[in-house]
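The values are calculated or read from the model by the stated rules, or taken from the named source; none is laboratory data. For clarity, every value in this text was computed on a predicted model and none was experimentally measured. All Cβ positions, even for glycine, are placed from backbone atoms using ideal geometry, and neighbour counts span all protein chains on display. Side chains are part of the model used for accessible areas, which takes the heavy atoms of the whole protein and leaves out ligands, DNA and RNA. Shrake-Rupley method; radii C 1.70, N 1.55, O 1.52, S 1.80 Å.
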Number of protein chains: 2
Amino acid sequence: MNRAIILKQRPVGKPTASDFEFLKDDSELTIKDGELLLETNYVSVDPYLRGRMSDAKSYIPPFEVGKPISSGIVAKVIASKHNTFKAGDYLAGMLPWKTQQISNGEGLTKVNKDLAPLSAYLGVLGLTGLTAYLGLTEIGKPKAGETIVISGAAGAVGSIVGQIAKIKGLRVIGIAGTNEKIEMLTSDFGFDAGINYNETKDMNAAIKAAAPNGVDIYFDNVGGPISDAVLFNINKFARMIICGAISVYNNTELPTGLSVQPFLVKNSALMQGFIVSNYAEKFPEATKQLASWLADEKLKYTETIVEGFDNIPSAFLDLFDGKNKGKMIVKI
Amino acid sequence: MNRAIILKQRPVGKPTASDFEFLKDDSELTIKDGELLLETNYVSVDPYLRGRMSDAKSYIPPFEVGKPISSGIVAKVIASKHNTFKAGDYLAGMLPWKTQQISNGEGLTKVNKDLAPLSAYLGVLGLTGLTAYLGLTEIGKPKAGETIVISGAAGAVGSIVGQIAKIKGLRVIGIAGTNEKIEMLTSDFGFDAGINYNETKDMNAAIKAAAPNGVDIYFDNVGGPISDAVLFNINKFARMIICGAISVYNNTELPTGLSVQPFLVKNSALMQGFIVSNYAEKFPEATKQLASWLADEKLKYTETIVEGFDNIPSAFLDLFDGKNKGKMIVKI
């Protein structure tokens, strides 16, 4: 019995369980020459998927209503008539939310179960780690001694950004929403300071206190008022990597806030949208660097693993309530 | 009789004549070794001076209350005990608003009266031209065939940006506030299209119509709602040069508007504050390029010349009502 999750309707505002529908199909899956039969093991749920559920023009086409949603997946090859991939191989790539499926192997990469746990290929060794590394290095251009602030710091990308920034000799300040997350950032991941935005009345002052020399790099995963507070503390030539805006993804009207332009002029500062797929030619080198740090235990990661295909939509929804620490992954 | 204009008080909101005070001094100015006696010929008034009248931290220190205001000036050497500059020379540089003054020559450059009119050294061959050229090339990185939108297009910087963009093979769209200005942009300066924001209800649609292939570069001198409308039309990898924000300089509260971050992420776009003084090492080469285009008549410029030292404050105030076409200059 093969199962799939389709987009039933485009969410308005915050998505709910009723925006998704489970389908069953008991027809047998038969592969032809050049094809693979895959069984899904791990599914990545990510905030950016919210964007694809709307039909606004964006950097990737929207999901179609009535069709399965896709995201990063690790799957096992159950049967193969493919030249490169054999039965028993584990592959990672963008795939539809199905328990089993046929693929021609395009866009999939073989991953090594012995080098790292399979789920890591959806996180620190996957697009999450690449986003953290390439966003920080390509736009942030970090220099030892500088100060970085990271919003969504306890999330999948943020927690890796902070550790890479520590490796590069920066003062690292993480913003997150619970004391438990702040404790994790400073104790487990070596951040220099953390700010719990849910318990801080004056974010501007809290950032100033944590960053006495001002903010040189801001790695922004959340947008909204937290980002406004950072603007008051940026230094001349500050670089702001706009990687995500989870705080406004569910807005039904265009979000408004402090005009950033006067801050940019005053500080000769830069703000740039980051999409990891623009840097595909740097993936092999970046992956090698991340794997090397991971092997040397310079890089740690945390995961929130939810069990069961049925729980993919709820795991996705939980992202918007900050219920994850590190990468949110569903194990099938 | 030497006269000076001092900042009487810091303006709140839009500056008025009462923020300025005229002083007279009939003591004789006597130069010592290494000094020059200067007589002011032309005074540049510029929107950015508004920022220096407030005492907020910025990229240049604020003017002091009770002290003369300074800006770009062309002055004639009346008497010299200086090694480099002789009586009869014309010098350009940042100087206080005084009819006569003593200087040690620091920061001043000799200008050639025969190469271009003296006032041009405050405009196309001065910081104005350098701002246009370096802002466009260093941040905008224009490529032939791309589309640029310029706000404040009929102003000193904007009108030069557009002409340089035409030289570089771009489609050039200027936004300004009167039909006369739009006519000047398209007829005299070769812009491909112009939009009069005072007569346009839907700026978003007007920009879309003028830029059917979308906007690759936005040279922003004004900020506010005009800039918000441009955001809806940017292309992937768009570059936005934030050069000024005249529409909000007189705000008494921090300006708010559309959050730019979601637009930046969606389009992998860049927004960067530009301050010409950060690029000082490129001034000689850039000035040479501008002078060459001027000599070849590839670059035209327009000036609004106001006469009389008494009218410096009113010429400055008129900038905020868009009364200038091209560079606003006071001839003494």
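Overview of values
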{"item": "Local net charge near A:Phe316, Cβ-Cβ under 12 Å (Lys/Arg +1, Asp/Glu -1)", "result": "0"}
{"item": "Peptide B:252-259 - average C-beta neighbours from other chains (10 Å radius)", "result": "5"}
{"item": "Area hidden from solvent between B and A (accessible, protein heavy atoms only, 1.4 Å, total, Å²)", "result": "2900"}
{"item": "Region B:127-277 - charge dipole about Cα centre, Lys and Arg +1 at Cβ, Asp and Glu -1, debye rounded to 20", "result": "500"}
{"item": "Radius ratio Rg over Rh of region A:53-186, counting only Cα atoms, Kirkwood formula for Rh", "result": "1.05"}
{"item": "Sulfur and carbon atoms: percent of accessible area, the protein assembly as shown [1.4 Å]", "result": "49"}
{"item": "Chain B: most fluctuating residue of B:Lys201, B:Lys143, B:Lys113 per GNM, C-alpha cutoff 10 Å", "result": "B:Lys201"}
{"item": "Alpha carbon convex hull of region B:196-323, projected area averaged over orientations, nm²", "result": "11.3"}
{"item": "Three-way shape label, region A:139-197, alpha-carbon gyration tensor, a/c 1.5", "result": "prolate"}
{"item": "Extreme residue, positive dipole direction of chain B, given options B:Tyr48, B:Thr304, B:Phe316 (C-beta unit charges)", "result": "B:Tyr48"}
{"item": "Accessible surface ranking that places the most exposed of B:Lys98, A:Lys298, B:Lys24 first, with a 1.4 angstrom probe", "result": "B:Lys24, A:Lys298, B:Lys98"}
{"item": "Solvent-accessible area per residue for region B:47-132 (1.4 angstrom probe, square angstrom)", "result": "45"}
{"item": "Difference of contour (0.36 nm per residue) and Cα-Cα distance, B:Lys86 to B:Lys143", "result": "16.1 nm"}
{"item": "Solvent-accessible area of B:Phe85 with every protein chain in place, 1.4 Å probe, in Å² to the nearest 10", "result": "20"}
{"item": "Between region B:99-162 and region B:191-221, the Cα center-to-center distance that results, in Å", "result": "24"}
{"item": "Relative contact order, percent, region B:209-286 [alpha-carbon distance under 8 Å, six or more residues apart]", "result": "32"}
{"item": "Total charge dipole magnitude, chain A, about the Cα centre, Cβ charges on Lys, Arg, Asp, Glu only, Debye to nearest 20", "result": "600"}
{"item": "For chain A, calculated [θ]222 nm from helices alone, where every DSSP H run of n ≥ 4 adds -39500 (n - 2.57)", "result": "-6000 deg cm²/dmol"}
{"item": "Binned Cα-Cα distances of the protein assembly as shown, short to long, each 20 Å bin given as a whole percent", "result": "17, 43, 28, 10, 2, 0"}
{"item": "Region B:127-277 - Debye-derived log10 I(q)/I(0), Cα point model, q = 0.09, 0.16 Å⁻¹", "result": "-0.23, -0.79"}
{"item": "Computed magnitude of the charge dipole of the protein assembly as shown (debye, nearest 20; Cβ of K, R +1, Cβ of D, E -1)", "result": "620"}
{"item": "Inter-copy spacing of B:Ser18 label points, which lie 7 Å from Cα along Cα→Cβ, given in nm from shortest upward", "result": "6.1"}
{"item": "Stokes-Einstein diffusion coefficient of chain A, Kirkwood radius over Cα pairs, 20 °C, 1.002 mPa s, in µm²/s", "result": "104"}
{"item": "Fraction of antiparallel bridges per DSSP, the protein assembly as shown only, in percent to nearest 5", "result": "55"}
{"item": "Residue-count net charge about B:Leu118 - beta-carbon cut-off 13 Å; Lys, Arg +1, Asp, Glu -1", "result": "+1"}
{"item": "Lysine pairs meeting the criterion (Cα under 14 Å, 8 or more apart or interchain), as found in region A:127-277", "result": "5"}
{"item": "GNM top mover of A:Asp296, A:Asp89, A:Asp188 - chain A, alpha-carbon springs below 10 Å", "result": "A:Asp296"}
{"item": "Position B:Pro117, label points 7 Å along Cα→Cβ, spacing to each other copy in nm (shortest first, one decimal)", "result": "7.5"}
{"item": "Dipole-positive endmost among B:Asn196, B:Thr128, B:Ser247 within region B:127-277 (Cβ charges, Cα centre)", "result": "B:Thr128"}
{"item": "Counted charge near B:Asp216, where neighbours are those whose Cβ lies closer than 10 Å (Asp, Glu -1; Lys, Arg +1)", "result": "+4"}
{"item": "Spacing of the two label points (7 Å from each Cα toward its C-beta) at A:Asn2 and B:Glu21, in nm", "result": "8.5"}
{"item": "Most mobile listed residue (B:Phe22, B:Phe316, B:Phe274) in chain B, GNM with C-alpha springs under 10 Å", "result": "B:Phe22"}
{"item": "Sequence of B:Tyr48, B:Tyr279, A:Tyr197 from largest to smallest accessible area, 1.4 Å probe", "result": "A:Tyr197, B:Tyr48, B:Tyr279"}
